[in-house]
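Taken together, the values in this text are just the output of simple stated rules run on the coordinates, not laboratory data. A quick note: this is a predicted structure, and the numbers were derived from the prediction, not measured. Virtual Cβ from ideal backbone geometry, glycine too; neighbours counted across all protein chains shown.
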Amino acid sequence: MRFRNGILAAFAATVLAFSQGADAKTFKWAFQGDVATMDPHGLFETMTLGFQAAIYEGLVIKNSDMVTVGSLATSWESINPTTWRFHLREGVKFHDGADFTAEDVAFSVDRIRSEGSDLKVIAGMIKEVKIIDDHTVDLITPAPDPILPIQLEIFYIMDKDWAIEHKTTTATNLKGGEEGNYANLHANGTGPFMLKERQPGIKTVLVRNPNWWGSMVGNVTEAVFTPVGQNATRVAALIAGDVDMAYPIPVQDWDRLRSAPGAKPLTGPEARTIFLGFDQVRDELLYSNIKGKNPFKDVRVRRAFAHAIDIEAIKKKVMRDASAPAGLMVAPQINGFSEALNERWAYDIDLAKKLLAEAGYGDGFEVTMDCPNDRYVNDERICQAVVGMLAKVGVKVNLLAQTKSKYFGKVLAQNDYDTSFFLLGWTPSSFDSYNPLSALMACRRDGLGAFNLGGYCNEEFMDLLPKIQSETDQVKRQAMIDRAFQIHKDEVGHIPLHQQPLSWGVRDNVSVSQRPDNVFDLRYAIKN
Amino acid sequence: MTVSAHLVDGVRRFRDSDVYYSFKRSPVTIVAAVVTAIFMISALFAPWLAPHQPFDLATVELLDAFTPPVWEAGGDPRFLLGTDDQGRDMLSTIMYGARISLGVGFAAVAFAMVIGIGLGLVSGYLGGVIDAVIMRVADIQLSFPAILIALLIDGVARSVLPRDMHDEVAIYVLVFAIGISGWVQYARTVRGSTMVEKNKEYVQAAHVMGIPPALIMLRHVLPNVMGPVLVIGTIHLAVAIITEATLSFLGVGVPPTSPSLGTLIRVGNDFLFSGEWWITIFPGAALVLLVLAVNLLGDWLRDALNPKLR
Amino acid sequence: MFAFVIRRFAQAIIVMLTVGMIAFSLFNYVGDPINNLVGQDTSQADRVALREQLGLNDPFFVQFGRFVLNAARGDFGISYQQRRPVSDLISERLPATLELSIIAAILALAVGVPMGVYTALRRDGFLSHVFLVISLIGISIPTFLIGILLILLFGVVLRWLPTFGRGDVVDLGWWTTGLLTASGAKALIMPSITLALFNMTLIMRLVRSEMLEVLRTDYIKFARARGLANRAINFGHALKNTMVPVITITGLQLGSIIAFAIITETVFQWPGMGLLFIQAINEVDIPVMSAYLCMIALFFVVINLIVDLLYYAVDPRLRIDSTLVGTHG
């Protein structure tokens, strides 16, 4: 939607500006890609969900210390091992004025089960919804799930009546294809900001919701988001003051930002682990010159790859010393991390060649690597560096680097995990290890292992998993988590590389809260 | 006369000609010719002349990345012009890049020449409906800029071919695309000259003697047409090189495994503002130098061959 | 005269149909359109039904006819990537490209013609040589490199001009313009210069060479012999005769500018049709690609038609001997 009559809009804006006086704060920011959709159930991607958090809200939310607190729910308790009762906040209205009730929660749970939804993994955690009264709702889980509430931050509630009125009772299917439904370009949430204008690929504008139930630290009244694909352009825009904040900033520009007047870099370790994975399921790799067998099924080949990676070189030259080399699939900020297990495989080319020869690949082999080129910090360069390193042990890698929509469209479940060797990154949204254990490393069955692109599978690991999920004794739980990680590491299920750095750039007159999951929360943005 | 005698005679005639005279008198042109020759030699013999092998990944060390040029602090005499973000030597990548740029450029021009001359000869000699059709097509195509046609052909190729196959044939697609977008100029010029020659007595005599038209066109008409064709060719070469660089910069040109100067500029662009200027500036300067030299040669050739300006 | 107009019109329609056929083939035969429209989970039965419903089993010419009718109404289907009607995308982006292109064209003319005249009149002057050198460099530096250097100098080092985008635009009915706001006007400066540079040098060289030719002709010599003032000769006679081919070339170049906008828009992140097209190529978004194709073809055909008609009206030689038609430019 746009204001059709420009003159009237200009007049209205002037009036608005005068009435708000000095309080009108327009905040402009840029990201390397666009928000994929305005539909809160359309894409499970950190950036898109993080953006939508300004418009839509869930039952719970994380505050700036990453602690889960109530949002649309004021409190919750477990009335039996498989039932969580949520008490909903009263007096909350959607942007169109409708009341928020338990019906909307039940409707939203149904919606994330619908065909186009990308949040089906959340739907899988909820077996049934029971409406107790207008402001009380029960979520029943298929198995005892003590951590359900902390995983619901990204499950946003939509208004049932609005959805029915605009024929958007099923989620926008971004990976398939007919014309997007109404929720793709329009939004009606309960959050502190309303969608004023949406031009995909060009700009999205939000304005304050005057009837919001909550209070926030930030003082932004209007927010303008623009996707700027070119790194150089994005940094230049920040330095020139065309935007108040831009991310990600290429790590090589940190010094330039420090010396530029009016802007500075905001950096820190992100809770996102970047890792490599292999197809370990197929009997013959889809994209390799080896026929009749799959080299990645041999642990010696996987171990050889691990020893061929010089992570210090990658850290120094590709990441400009800003990354934290990792030996574990989770970052130090995640519950369940263990320093002892974070040891990496040593960089040893001779050992790698020896292992490959032992496995029968002394002459090396060819394989295609899938890599995104605009999702993670320097993703394509990391892949290029890996390609160079593997060349030294005789493995010729054909690098297929694509824009993230094409990349994810190729390697995910919806396309039958069409890859042989890939790079991926992951932040557990719940900040607990069960999330990656179940989504990344579990065997692909019973709704588990949805993002286990290579199909790594170990039975002892699977036995531990449900116990980890339901164990309430923290010490016992940690021991099981350690054991699970150890199994995975011994078998080189994946090769963790590093935690990537958070790399934002802000103007000096702006203060934002930088979350370790790289999510930008408008509620904390203060512009002076 | 023997072949070698022909050759010697030809060289002497060239040295005595007006063309060579005007060449010697213009220092700018001599410099341009030298520069072009340097580029061509280093491009042709890159695998032997280049100090490093930047595309043999086993020899590239990531730890060498971002080395500045040798005259700057932190420079390394092994890498005269510095290294890029993966540790490849800039001088070598520029030589290989020029190889691709020049290779694609020459191939595209040759392709366009063959098609253009062929169609021009046919059109001029045969006349009639064939002539009308060919000229119509030429007119229509002339109204579309070359870069658009090239972009389109490349875009379609990308969609039709699966990705890995596309990378293998990308260079041929590029040559085809740039070539196809440039044949018209040759065709028109050749057609005009052919129409003029057609009515001359020696052509009619040959026709009466029973010599097939194709032979007449090739042996008699063609040599008289080569002058203007050569002029168009040099200018077209400059355009072809720029077109390829632009397509590669936009990301729809040569595959990343065999980067041209345009690709190098694109990769280096990210580092321009953060202080590693050499990764973009050197390939950029090389490209501009090359195109400038070719343009100057083309200008001189046109002036030298144009009887009206003497 | 009438026959000429009819012939030109017929030719224009043939071109549009040919382009339409290419665009249509792109649409229907590159990849399976059904695959692009439905999700992975759609059953085979549903796919077959969808094929029938969309008329994909009809003979080629029926489908092509439908495509042409739809295209004439501006309906190019739905973008695979953005899930919105392509016609919406194009109408949003068109003003940006057109505004940029027209300003660039005006700039190229306004600077190129005077420079060309000057270098023709004062062939050996120092300033002339400077202009010629600049023009040579102008056609030797690729457009994208100029853009990058301008951004570096004026956007980052000097901080005078914005580094990307269009700035604030004002809606005027279905057109949006950046000229009415300060940020919009500033945002227009660098992209239009970048876009204009190549054409500027082209026009300059063209004007120069045409003028040199004309100045050599007999009737100019005769005018000089008659004792006419230099200014009258140069501007009254020489320039007028130079302008005819120049204007026609410029008209043709307008189409070329619109196409070159692709590069400029990419470097400056200018939200126009060119950037849309590049994104569509990278994402293999066929409907957008074929729509852009048709739109550009339409522009070219219309521009060429107008130029041809104008040329015909202005140059009496064409009217006398119709066999000379087709050799202009």
Query - Nearest 10 degrees, 0 to 90: helix A:299-308 Cα axis against chain A principal axis - result: 70 degrees
Query raised in the report: So what is log10(I(q)/I(0)) for chain A at q = 0.09, 0.11, 0.13 1/Å, when the Debye sum runs over its Cα atoms only?
Result: -0.68, -1.01, -1.37
Query raised in the report: With chain B treated as a Gaussian network of Cα nodes joined by springs under 10 Å, which of B:Val175, B:Val288, B:Val133 yields the largest mean-square fluctuation?
Result: B:Val133
Query raised in the report: To the nearest Å, what is the center-to-center distance of segment C:210-279 and segment B:260-290, using C-alpha atoms only?
Result: 33 Å
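If Lys and Arg each add +1 and Asp and Glu each add -1, what is the summed charge of the other residues whose beta carbon sits under 14 Å from the beta carbon of B:Arg136? Write out the running numbers ahead of the final one.
Values: positive: B:Arg188, B:Arg191, C:Arg7, C:Arg8; negative: B:Asp131, B:Asp139, C:Asp308.
Cβ neighbours under 14 Å give a net charge of +1.
Between beta-carbons, use under 11 Å as the cut-off and find the net charge around A:Asp321, counting Lys and Arg +1, Asp and Glu -1. Don't skip to the answer; put the middle values down first.
Numbers: positive: A:Lys315, A:Lys316, A:Lys317, A:Arg320; negative: A:Glu312.
In short, +3.
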Query raised in the report: If you average the sequence gap of Cα pairs under 8 Å that are 6 or more apart and divide by the length of chain A, what percent do you get for the contact order?
Result: 19 percent
Query raised in the report: What percent antiparallel are the DSSP beta bridges of the protein assembly as shown, to the nearest 5?
Result: 80 percent
**Report entry** Prolate/oblate/rounded call for segment A:229-293, Cα gyration tensor, a/c under 1.5 rounded
**Finding:** prolate
Report summary line: Gyration tensor on Cα atoms of chain B, a ≥ b ≥ c root eigenvalues, a/c under 1.5 rounded, else prolate if a/b beats b/c, else oblate, says prolate
Query raised in the report: Under the definition of Cα pairs under 8 Å and six or more residues apart, what whole-number percent is the relative contact order of segment A:351-447?
Result: 28 percent
Report task. Give the shape of the protein assembly as shown as rounded, prolate or oblate, defined through the alpha-carbon gyration tensor: a ≥ b ≥ c are the square roots of its eigenvalues, a/c under 1.5 means rounded, and otherwise the shape is prolate if a/b is larger than b/c and oblate if not. Result -> prolate
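Which whole-number percent gives the relative contact order of chain B, counting Cα pairs below 8 Å spaced six or more residues apart? Before the final figure, lay out the partial values.
Numbers: 409 pairs, mean separation 68.7, N = 310.
Relative contact order of chain B: 22 percent.
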Report summary line: Diffing segment C:124-140: the Karplus 3J(HN,Hα) column from phi (6.51, -1.76, 1.60, θ = phi - 60°), in whole Hz with x for Gly and Pro, holds 10, x, 5, 4, 4, 4, 4, 4, 5, 4, 4, 5, 4, 5, x, 8, 9
Query raised in the report: Where the centroid of each part is defined by its Cα atoms, how far is segment A:91-151 from segment A:246-309 in Å?
Result: 35 Å
Query raised in the report: Does anyone have the angle between helix A:102-111 and the longest principal axis of chain A? Alpha-carbon axes, 0 to 90°, nearest 10?
Result: 40 degrees
**Report entry** For segment A:427-438, Karplus couplings with θ = phi - 60° (6.51, -1.76, 1.60), whole Hz, Gly/Pro x
**Finding:** 10, x, 5, 8, 6, 10, 5, 4, 4, x, 4, 8
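Taking the beta-carbon count within 10 Å as an exposure proxy, list A:Met66, B:Met95, B:Met135 from fewest neighbours to most.
On the way: A:Met66 12, B:Met95 23, B:Met135 20.
Result, fewest neighbours first: A:Met66, B:Met135, B:Met95.
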Query - Ranked B:Met209, C:Met211, criterion: other C-beta atoms within 10 Å, fewest first - result: B:Met209, C:Met211
Requested in this report: Using only Cα atoms, find the angle between the long axis of helix B:261-272 and the longest principal axis of chain B, and express it within 0 to 90 degrees, rounded to the nearest 10.
Outcome: 30 degrees
Query raised in the report: So what J values fall out for segment A:471-488 if you push phi through Karplus, 6.51 cos²θ - 1.76 cosθ + 1.60 with θ = phi - 60°, rounded to Hz, Gly and Pro as x?
Result: 6, 9, 6, 4, 5, 4, 5, 4, 4, 5, 4, 4, 4, 4, 4, 5, 4, 4
Query raised in the report: Per-residue ellipticity at 222 nm for the protein assembly as shown, helices alone: DSSP H runs ≥ 4 residues times -39500 (n - 2.57), over residue total, nearest 500 deg cm²/dmol?
Result: -16500 deg cm²/dmol
Query raised in the report: Which residues' amide hydrogens lie under 5 Å from the amide hydrogen of A:Thr74, considering only partners 5 or more residues apart or on another chain, with H built in the peptide plane?
Result: A:His87, A:Leu88, A:Arg89
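Over 24 Å between Cα atoms: which of A:Lys291/A:Lys406; A:Lys93/A:Lys160; A:Lys264/A:Lys315; A:Lys28/A:Lys406; A:Lys315/A:Lys396; A:Lys28/C:Lys186 fall into that group?
A:Lys291/A:Lys406; A:Lys28/A:Lys406
Counting only other residues whose beta carbon sits under 15 Å from that of B:Gly87, what net charge do I get with K and R as +1, D and E as -1? It would help to have the intermediate numbers written out before the result.
On the way: positive: A:Lys315, A:Lys316, A:Lys317, A:Arg320, A:Arg381, A:Lys392, B:Arg78, B:Arg88; negative: A:Asp310, A:Glu312, B:Asp56, B:Glu61, B:Asp64, B:Asp76, B:Asp84, B:Asp85, B:Asp89, B:Glu276.
Overall, the nearby charge balance is -2.
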Report task. Please list, in chain and number order, the residues 5+ apart from A:Asp432 or on another chain whose amide H is under 5 Å from its amide H, with Hs placed from the backbone. Result -> A:Asn335
Query raised in the report: Do any cysteines of the protein assembly as shown lack a neighbour Cys whose Cβ is under 4.7 Å away, and which are they?
Result: C:Cys294
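Count, for each residue of B:127-138, the Cβ atoms from other chains sitting within 10 Å of its Cβ, then give me the mean as a whole number. Write out the running numbers ahead of the final one.
Numbers: counts 0, 0, 0, 0, 0, 1, 0, 0, 2, 4, 2, 1.
That average works out to 1.
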Requested in this report: Amide H neighbours of A:Gln402 under 5 Å, at least 5 residues apart or on other chains, H built in the peptide plane: list them.
Outcome: A:Cys371, A:Asn373
